[in-house]
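A.B. asks: Let me give you the structure first, and then I'll get to my questions.
The values are calculated or read from the model by the stated rules, or taken from the named source; none is laboratory data. Since we're looking at a predicted model, the values are computed, not measured. Heads up, the Cβs are rebuilt from the backbone with ideal geometry, glycines too, and the neighbour counts pull from every protein chain shown.
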Amino acid sequence: MTRATFVSGGGVLLSLAFLSGCVSPPPPKDYTAFKASAPRSILVLPPKNETVSVEGPYSYLSTVSRPLSELGYYVFPVNEVDELLKANGVTDPAEMHQIPVAKLREVTGADAVLYPTLKEYGSKYVLLDSVTSVSVSAVLVDARSGETLWSNQARLQMNANGNNQGGLLAQMVGAIVSQIINSKSDPAHRISQQLDTILFETQGQGLLPGPYLVGPVAVAPKPAGTHSNQL
Amino acid sequence: MSARVVPAAVMVLLLGGCAAQAPKALYGWGSYEDLIYASTTKADGVAPERQIEIMTKDRATIAAAGQRLPPGWRVHLAQLYAQTGHLDQARTEIEAEKTAFPESGVFCDTLLNSLNHSQKVTP
């Protein structure tokens, strides 16, 4: 009996040790405005670029659709949105961020607009090692009221050699094999997908689940009529 | 005996608190993310015809797996059809997006308008 008690105590200690791996979360964000707005759709603008990377903004942009869709939102196709804005004479992401949100809603019917800013993107090579970092901040704005619903930022850094000795070679082979699409050969692009998980899905910090994840019950209060009003 | 079982159960319960709940994908993605990347970055120009081919194959695979096509998928395909002069197929895909995702209605109407406009302009 005494022995069993001892084991039990050890179990608790062990579980505490495991827990320490994910402790010290920052206080949860205030989701009052987010809940009140309950957006069904998100228009993601190309990121404003604060880096020297030319390909960074659009490379990062291509990673956002999947996590946001899987969170249950309708995500407007990022490439076609970009082309639509460019066809209307707005070619620079920084300018796109200046378009009045009411105008964006008029053209797309979006409930909310996501404004990302790319702060770091790319790799620094030092001898046989490379350090890749990506840093993004993002603000979600209600397209009907212009009110900020949520904002967050995340940074991720990866050391190629620390991760896997064969990393660089594997990457080069991968680049040769998959000639068709070279996203997999850009380490910053691969990090971006992990960064999105932190940015959008961290509990208490990320986005609230959208209507397609929550299910039809939560969808009911906001019928499709909101869009026909706009027309 | 039962005293040994309880801590393990508690541990699992506690650990569950910081692990993401098992994510069940809402959609089948196929190559769509890579195609978005190819389009937004204009990297290595994957020709529209090749993209259509990939997406047509993906559509069959995704349907066979009983999964849904993700938001924007049909609009991307529509854009490829429009680029290659298949305007009727482009319209069909845009209409299908509206049906699958009513949230896309205004955007799709904007695209349909510009599609009709471009058709008038081109000989």
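A.B. asks: Taking region A:52-78, which residues are more than 25 Å from A:Asp142 (Cβ to Cβ) and β-branched (Val, Ile, Thr)?
C.D. replies: Once the filter is applied, which keeps residues that are more than 25 Å from A:Asp142 (Cβ to Cβ) and β-branched (Val, Ile, Thr), region A:52-78 yields A:Val52, A:Val54.
A.B. asks: Going through A:Pro67, A:Pro47 one at a time, which residue ends up being over 16 Å from B:Lys98 (Cα atoms), touching a residue at least 24 places away in the same chain (Cβ under 8 Å) and either surrounded by fewer than 24 Cβ atoms within 10 Å (Cβ to Cβ) or within 9 Å of chain B (Cβ to nearest Cβ) (or both)?
C.D. replies: A:Pro67
Table: residues versus (1) buried (at least 19 other Cβ atoms within 10 Å of the Cβ); (2) in contact (Cβ under 8 Å) with a residue 40 or more places away in the chain; (3) within 24 Å of A:Ala160 (Cβ to Cβ).
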{"position": "A:Pro77", "(1), (2), (3)": "yes, no, no"}
{"position": "A:Asp82", "(1), (2), (3)": "yes, no, no"}
{"position": "A:Pro93", "(1), (2), (3)": "yes, yes, no"}
{"position": "A:Ala110", "(1), (2), (3)": "yes, yes, no"}
{"position": "A:Tyr115", "(1), (2), (3)": "yes, yes, no"}
{"position": "A:Ser130", "(1), (2), (3)": "no, yes, yes"}
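A.B. asks: Now, a different point. Could you count how many residues in region A:85-132 are assigned to a loop (DSSP other than H, G, I, E, B) and of a type in the set (A, V, I, L, M, F, W, C)?
C.D. replies: 5
A.B. asks: Here is a further query. So A:Pro25 clears everything in (1) modelled with pLDDT under 95; (2) at the interface with chain B (Cβ under 8 Å from one of its Cβ atoms) except one condition, right? Which one?
C.D. replies: A:Pro25 satisfies all of (1) modelled with pLDDT under 95; (2) at the interface with chain B (Cβ under 8 Å from one of its Cβ atoms) except (2).
A.B. asks: Another one. Tell me yes or no: at least one residue of region A:51-71 is β-branched (Val, Ile, Thr) and part of a helix (DSSP H, G or I).
C.D. replies: Among the residues of region A:51-71, not one is β-branched (Val, Ile, Thr) and part of a helix (DSSP H, G or I), which makes the answer no.
A.B. asks: A follow-up question, please. Which of the numbered conditions does A:Ser123 fail, given that it passes all the others? Conditions: (1) away from chain B (no Cβ under 14 Å); (2) buried (at least 23 other Cβ atoms within 10 Å of the Cβ).
C.D. replies: (2)
A.B. asks: OK, next. How many residues, within region B:64-94, are free of Cβ contacts under 8 Å to residues at least 12 places away in the same chain and farther than 24 Å from B:Asp109 by Cβ?
C.D. replies: 2
A.B. asks: Also, I was wondering about something else. Just to be sure before I move on: is A:Ile176 at pLDDT below 50 and either in a loop (DSSP other than H, G, I, E, B) or more than 14 Å from chain B (Cβ to nearest Cβ) (or both) in the structure I sent?
C.D. replies: Considered against the rule, which asks whether it is at pLDDT below 50 and either in a loop (DSSP other than H, G, I, E, B) or more than 14 Å from chain B (Cβ to nearest Cβ) (or both), A:Ile176 comes out as no.
A.B. asks: Another question, if that's okay. Wholly within region B:6-106, which helices (runs of 4 or more DSSP H) include no fewer than the required count, namely at least 2 residues that are at pLDDT below 90 and not hydrophobic (A, V, I, L, M, F, W, C)?
C.D. replies: B:32-41
Conditions (1) of a type in the set (D, E, K, R); (2) closer than 11 Å to B:Leu115 by Cβ; (3) surrounded by fewer than 22 Cβ atoms within 10 Å (Cβ to Cβ), marked per residue:
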residue	(1), (2), (3)
B:Asp58	yes, no, yes
B:Thr61	no, no, yes
B:Ala65	no, no, yes
B:Arg68	yes, no, yes
B:Gly72	no, no, no
B:Leu77	no, no, no
B:Thr84	no, no, yes
B:Thr92	no, no, yes
